[in-house]
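The values are calculated or read from the model by the stated rules, or taken from the named source; none is laboratory data. None of the values given here were measured: they were computed from a predicted structure. Don't worry about glycine lacking a Cβ; one is built from the backbone with ideal geometry, like all the others, and counts go over all protein chains shown.
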Ligand code: HEC
Ligand code: HEC
């Protein structure tokens with residue numbers, strides 16, 4: 001029986017991920033110190049303070065700037081200048097506030113034309129913002145050309161539940177060997193021919209991967225290696241240049257080591 005490549009790749013990925021998730025969860029995990037959390041619940045905060053807090057999150061914990069710029073085209077995502085104004089006109093019947101919140105919490109619900117569906121949910125790892133932070137960030141985005149009218153009640157109470165109590169710790173820890181993975185990246189797999197990754201490589205053919213683990217889930221990274229086109233093409237880069245062969249050329253151990261290396265890139 002012929003099995004389509006996509007399905008084979010998918011099944012392979014599931015088996016490898018499933019197996020290693022099981023192991024990963026059975027080994028004790030070293031918790032890294034969670035980043036500083038902002039809590040505004042219960043406190044009195046003016047819209048100006050809220051916007052300022054949101055701006056801070058945009059530039060720091062939110063990691064938004066790795067993909068987005070304000071007033072300048074980013075490499076991976078739309079320019080957010082004027083988002084507070086255009087957000088109210090993007091989806092019929094949806095207010096700016098509703099559209100912005102949807103963009104942050106269900107980025108796949110509406111995908112801006114010309115861009116792939118690669119934006120991570122901001123209240124889940126690796127970004128993992130809490131409810132207050134999503135509130136402030138929404139106020140900041142509204143302030144870019146629009147009116148700040150978001151209240152804490154607009155943010156569903158479930159938002160950021162995964163981030164509470166150390167979102168980063170909830171993420172899958174692969175038992176791969178990052179050092180060995182770095183050698184695969186620079187050697188056998190030849191990723192270095194197209195990608196920079198921290199101190200390794202310098203090629204501009206593909207996106208710089210130096211912060212990939214800060215902005216993308218392990219699921220995305222794992223899938224992208226096995227099925228580059230099926231994962232969506234990063235804006236500003238050509239489609240079909242990243243070879244779809246790694247599911248065949250890498251052993252399971254090499255693949256897991258490689259992913260472990262990529263997950264160190266923060
Ligand atoms: C991995 C890259 C990436 C990161 C990180 C990222 N985004 Fe995005 N974002 C995108 C892409 C690509 C789109 C366009 C596709 C879509 O609509 O999902 C987008 C769309 C959006 C939109 C809708 C824009 C429009 O013109 O309608 C908003 C608002 C937004 N992002 C805000 C943010 C904020 C705030 C952060 C930080 C918390 C963030 N994004 C982090 C990639 C990213
Ligand atoms: C021949 C050049 C080439 C090689 C070799 C290559 N890639 Fe890529 N890669 C690209 C290009 C171009 C893109 C952006 C277009 C796209 O999304 O397909 C990309 C995108 C990616 C992304 C998504 C980045 C983002 O910002 O979302 C990841 C992750 C990635 N590559 C990892 C790898 C790894 C790991 C290897 C080695 C196993 C590899 N690539 C080998 C060209 C290459």
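Sort through 113, 171 and tell me the only one that's loosely packed, with under 14 Cβ neighbours inside 10 Å and modelled with pLDDT under 95. Please lay out each step first, then the result.
Working: 171 fails: loosely packed, with under 14 Cβ neighbours inside 10 Å.
So the residue among 113, 171 that is loosely packed, with under 14 Cβ neighbours inside 10 Å and modelled with pLDDT under 95 is 113.
Answer yes if at least one residue in the stretch 121-132 is on the phi > 0 side of the Ramachandran plot, assigned by TED's automatic domain parsing to the domain that holds residue 63 and surrounded by 20 or more Cβ atoms within 10 Å (Cβ to Cβ), and no otherwise. Quick ask: steps written out before the conclusion?
At the first step, the residues of the stretch 121-132 found to be on the phi > 0 side of the Ramachandran plot are 128.
Within this subset, residues satisfying the condition of being assigned by TED's automatic domain parsing to the domain that holds residue 63 are 128.
If we keep only those that are surrounded by 20 or more Cβ atoms within 10 Å (Cβ to Cβ) too, we end up with 128.
Within the stretch 121-132, one or more residues are on the phi > 0 side of the Ramachandran plot, assigned by TED's automatic domain parsing to the domain that holds residue 63 and surrounded by 20 or more Cβ atoms within 10 Å (Cβ to Cβ).
Report whether or not residue 189 is modelled with pLDDT of 90 or more, more than 15 Å from ligand 1 (Cβ to nearest atom), more than 16 Å from the chain's Cα centre (by Cα) and not in a loop (DSSP other than H, G, I, E, B).
Details: modelled with pLDDT of 90 or more: yes; more than 15 Å from ligand 1 (Cβ to nearest atom): yes; more than 16 Å from the chain's Cα centre (by Cα): yes; not in a loop (DSSP other than H, G, I, E, B): no.
Judged against the criteria, residue 189 is not a match.
Take the residues in the stretch 235-259 that are in contact with a helix residue (DSSP H, G or I) (Cβ under 9 Å, 6 or more places away or on another chain) and in a loop (DSSP other than H, G, I, E, B), then tell me which one is farthest from ligand 2 (Cβ to nearest atom).
If we take residues in the stretch 235-259 being in contact with a helix residue (DSSP H, G or I) (Cβ under 9 Å, 6 or more places away or on another chain) and in a loop (DSSP other than H, G, I, E, B), then 244 is farthest from ligand 2 (Cβ to nearest atom).
Only residues that are within 9 Å of ligand 1 (Cβ to nearest atom), in a loop (DSSP other than H, G, I, E, B) and touching a residue at least 12 places away in the same chain (Cβ under 8 Å): list them for the stretch 106-125, please.
To start, the set of residues in the stretch 106-125 that are within 9 Å of ligand 1 (Cβ to nearest atom) comprises 107-120, 122.
Right, trim to in a loop (DSSP other than H, G, I, E, B) and you get 110-120, 122.
Listed by number, the residues that qualify are 110, 112, 114, 115, 116, 117, 118, 119, 120, 122.
With the checklist (1) in contact (Cβ under 8 Å) with a residue 12 or more places away in the chain; (2) within 10 Å of ligand 2 (Cβ to nearest atom); (3) not in a loop (DSSP other than H, G, I, E, B) in hand, flag the one item residue 214 doesn't pass.
For residue 214, the failing item is (2).
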